[in-house]
1. Does region 163-173 contain at least one residue that is in a loop (DSSP other than H, G, I, E, B), over 23 Å from THR32 (Cα atoms) and of a type outside the set (Val, Ile, Thr)?
2. With the structure loaded, tell me whether ASN236 is polar (S, T, N, Q), at pLDDT 95 or above and over 27 Å from PHE107 (Cβ atoms) or whether it fails that test.
3. Is it the case that region 78-98 has a residue that's in contact with a Phe, Trp or Tyr (Cβ under 9 Å, 6 or more places away or on another chain), buried (at least 22 other Cβ atoms within 10 Å of the Cβ), polar (S, T, N, Q) and over 22 Å from GLY143 (Cα atoms)?
4. Please find, among ALA139, ALA159, the residue that is of a type in the set (A, V, I, L, M), over 24 Å from ASN201 (Cβ atoms), out of contact with any Cys (no Cβ under 7 Å at 6 or more places or on another chain) and not in a loop (DSSP other than H, G, I, E, B).
5. Which one of these does PHE118 not meet: (1) modelled with pLDDT of 95 or more; (2) over 18 Å from LEU40 (Cβ atoms)?
6. Report, ordered by the first and then the second residue, all pairs with beta carbons closer than 8 Å, sequence separation of six or more or different chains, a first member in region 169-185 that is over 15 Å from HIS28 (Cβ atoms), and a second member that is of a type in the set (Asp, Glu).
7. Show me the helices (runs of 4 or more DSSP H) found entirely inside region 54-131 where at least 2 residues are closer than 30 Å to GLU244 by Cα, of a type outside the set (Phe, Trp, Tyr) and more than 18 Å from the chain's Cα centre (by Cα).
8. Among the residues of region 252-268, is any modelled with pLDDT under 95 and not aromatic (Phe, Trp, Tyr)?
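The values are calculated or read from the model by the stated rules, or taken from the named source; none is laboratory data. All values reported here derive from a predicted model rather than from experimental measurement. Glycine gets a Cβ as well: all are built from the backbone with ideal geometry, and neighbour counts include every protein chain shown.
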Amino acid sequence: MNDTKKLFRKLGSCSHTYFHILNREFGHPNETEERAADPLAGGIYQQGYQCGMLWGSSLAVGAESFRRNDDRDKAVGVAIKATQNIMKSFTRRAKSIECYDLTECDFSSKISMAKYFFSGKFLSCFNLAEEWAPEAIRAAEEGLDREWTDLPRPCLSCASEVVKKMGASEEETATVAGFAGGLGLSGNACGALSAAIWMKNLERCRKQAKTSYRDPDSEETLEAFYTATDYEILCNKITGRHFETVDNHTEFIKNGGCNELINALAKV
């Protein structure tokens, strides 16, 4: 918790950094999976949506939920609930979950990025990462340790369904589970999209040492996503609803909700 800024500078992205911090806290660091989270920085492929610290943290609690729960339905449900707990903690600290609100930077614009760095605004991300670290760890542990009694069986996540169709292992399927419903059922930018980007990047990271924020595979995934959604990215707009509970989301997926989108992402 005392070396967050140092890790951020070394690892290069907020999503990678927080996946690593929580994995290390749980005693299970995984360099390859953590590197694969790089494209989620900047609010999903630098688009300004949910902060990469949240995507990285959700991946970590999903992986830890898999390790702690032999019941795979429970592992998925706990991952979603723990992600919600982390998001509440982050909102208390940062007042917003959106990258653009925190950075005021359009990462697609070279001018905006230059202003972000030369003005010193980027330091606010380093400060936030350091200040929130102990709170994030507590929120993750509380979410994972609590005995949730309202989880459905089966327990489904749109993000898990995407990577499952992409050939993911049971652990990888649980790792992305918290992305459900726009990350912790928040209705924000699509969790299935982020899961597909992470899974594609994970495959590449296993073949080569280097990764990047922008790459042809992620571009292709993003293009397929926008084609399938008519350029809508928010979960609540794509689905036409907000998911109040894990059970609501499970029923939606079980009844074929977002099936075409899931298949489109899985085929890329």
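1. Checked region 163-173: no residue is in a loop (DSSP other than H, G, I, E, B), over 23 Å from THR32 (Cα atoms) and of a type outside the set (Val, Ile, Thr).
2. So ASN236 fails the test.
3. No: zero hits.
4. After ruling out the rest, the residue left standing is ALA139.
5. The failed condition is (1).
6. Listed by first residue and then by second, the contacts come to LEU185/GLU244.
7. 72-94
8. For region 252-268, residues modelled with pLDDT under 95 and not aromatic (Phe, Trp, Tyr): present.
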